[in-house]
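Data block below; observations after.
The values are calculated or read from the model by the stated rules, or taken from the named source; none is laboratory data. Predicted, not measured: the structure shown is a model, and the values here were computed from it. Glycine gets a Cβ as well: all are built from the backbone with ideal geometry, and neighbour counts include every protein chain shown.
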């Protein structure tokens, strides 16, 4: 026989229910993957390359685009986790995700994801332009198709994830009406494919021999094939960047040095440094690789500095 008040302390009591309700917002935010939001900074890429980060209006517009793309990406994460909740509960790591762990009800995750998936493109149409809204809509539809089916299709899964990065890089330019250079698009696209395939290669190396413990599609790829893909993508990205840098010619106006051309050196250095981690099988999430490696961060800073000097004609 239970004593009065005992029901308030067990998992079914009103106190526990109240705690779950209070923890729900935090669970939704965690499901939206805050650590992944750094990827959406790619919306700054095209305006930065065009030297347009010079006014408060541009900064405000890009901030809005960043928020909208973050909302769209979060919608996909919420719906994906709701859809995969049952499978995630059987996974040693994914079982701790809020939806799989029961801290966020599946229905709530679906509802929150659906609302964000609709509101992000609608807000883009109202605050940016039709093309931005179209791009965001395409991103959401493509990523949801990936969650449902495309992540199980060889090669197509790599293309979809890469295209997601490319769309991020394009959106900032589209929102501001900036013409996108073909070399910029090729560099961004194959640079993204390089990181995506390097991550897949690392996962395949780490999971070799574990059979059912891996995602099913990783078993369908060979490490040799994934190695070929990231090496090919790295080569094309370097070539496209060099063509992009050389397109502007030599020293212009009052520039002391051909900074744009010199920026090829740290760019190639960054690719070579990242390839070290890919070759070792330790190229996990791109943001983790960049943030944990000091040498790569320094090389990246050198590249940003040189490109900024080129844009400023100093």
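Key figures
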| read-out | value |
| --- | --- |
| Yes/no for residue 257 being in the same structural domain as residue 207 (by TED's automatic domain parsing), in a loop (DSSP other than H, G, I, E, B) and out of contact with any strand residue (DSSP E or B) (no Cβ under 7 Å at 6 or more places or on another chain) | yes |
| Candidates 289, 276 - the one that is buried (at least 17 other Cβ atoms within 10 Å of the Cβ), farther than 22 Å from residue 186 by Cα and either assigned by TED's automatic domain parsing to the domain that holds residue 193 or in contact with a strand residue (DSSP E or B) (Cβ under 8 Å, 6 or more places away or on another chain) (or both) | 289 |
| Any hit, the stretch 228-247, residues being modelled with pLDDT under 95, farther than 27 Å from residue 198 by Cα and surrounded by fewer than 20 Cβ atoms within 10 Å (Cβ to Cβ) | yes |
| Residues (over 19 Å from the mean Cα position of the chain (by Cα) and either closer than 28 Å to residue 219 by Cβ or assigned by TED's automatic domain parsing to the domain that holds residue 198 (or both)) located in the stretch 153-176 | 153, 154 |
| Residues of the stretch 41-98 satisfying the condition of being free of Cβ contacts under 8 Å to residues at least 24 places away in the same chain and within 26 Å of residue 122 (Cα to Cα) | 53, 55, 56, 57, 59, 60, 63, 67 |
| Number of the exception - residue 144 against (1) assigned to a helix (DSSP H, G or I); (2) over 23 Å from residue 39 (Cβ atoms) | (2) |
| Condition met for residue 173 (closer than 27 Å to residue 48 by Cα, loosely packed, with under 14 Cβ neighbours inside 10 Å and at pLDDT below 95) | no |
| Answer from 48, 111, 72, 60 - the residue that is modelled with pLDDT of 90 or more and within 21 Å of the chain's Cα centre (by Cα) | 72 |
| In the stretch 106-138, the residues that are without any contact (Cβ under 8 Å) to a residue 24 or more places away in the chain and surrounded by 15 or more Cβ atoms within 10 Å (Cβ to Cβ) | 125, 133, 137 |
| Test result for residue 256, at pLDDT below 80, exposed (fewer than 15 other Cβ atoms within 10 Å of the Cβ) and within 20 Å of residue 41 (Cβ to Cβ) | no |
| Hits in the stretch 43-71 - residues which are over 24 Å from residue 267 (Cβ atoms) and out of contact with any helix residue (DSSP H, G or I) (no Cβ under 8 Å at 6 or more places or on another chain) | 55, 56, 57, 59, 60, 63, 67 |
| Residue within the stretch 203-223 that is modelled with pLDDT of 95 or more, in contact with a helix residue (DSSP H, G or I) (Cβ under 9 Å, 6 or more places away or on another chain), under 16 Å from residue 280 (Cα atoms) and not assigned by TED's automatic domain parsing to the domain that holds residue 133 present | no |
| Positions within the stretch 75-94 being within 22 Å of the chain's Cα centre (by Cα) and modelled with pLDDT of 85 or more, in sequence order | 75, 76, 77, 78, 79, 80, 81, 82, 83, 84, 85 |
| Wholly enclosed helices (runs of 4 or more DSSP H) of the stretch 28-91 bearing at least 3 residues farther than 14 Å from residue 178 by Cβ | 56-83, 85-89 |
